[in-house]
Amino acid sequence: MADCLFCRIAAGEIPAKIAKRTADAIAFHDIDPKAPVHVLVMPTRHLAAVRDAAGADGEAMLGGLLQFAADVAGGEMVPGAPEPHISEDDEFGDVP
């Protein structure tokens with residue numbers, strides 16, 4: 001989606017410090033971190049909200065994102081850092 005900030009980051013139109021990327025997901029460091037390690041994880045295709053990921057395709061995408069987030073957390077976490085979590089605002093969500 002052309003006006004979505006996160007889609008523009010996924011497309012490489014807006015620079016970001018990428019932690020990990022696959023064809024289906026991207027993880028990048030937050031520009032205003034709230035923890036020692038604060039990494040945002042999102043699908044590479046537009047998803048306005050988690051509730052929009054319906055049916056078998058949505059379940060597969062969310063399951064893949066959770067595994068991707070776990071892989072990122074395993075490589076990015078520091079001792080004493082909080083456990084990854086998912087939060088949802090107007091856009092998809094973040095995993096610090």
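Length gained on full extension, HIS29 to ALA48, computed as 0.36 nm times the residue gap minus the Cα-Cα distance: 4.9 nm. Projecting the Cα atoms of ALA48, LEU66, ILE9 onto the dipole axis of region 5-76, where Lys and Arg carry +1 and Asp and Glu carry -1 at the beta carbon, places ILE9 farthest toward the positive end. Placing pseudo-labels 7 Å out from each Cα toward the beta carbon at LYS20 and ALA60 gives an inter-label distance of 2.1 nm.
Only the coordinates and a few stated rules stand behind these numbers; no lab work does. Since we're looking at a predicted model, the values are computed, not measured. Positions of Cβ are backbone-derived with ideal geometry, glycine not excepted, and every protein chain shown enters the neighbour counts.
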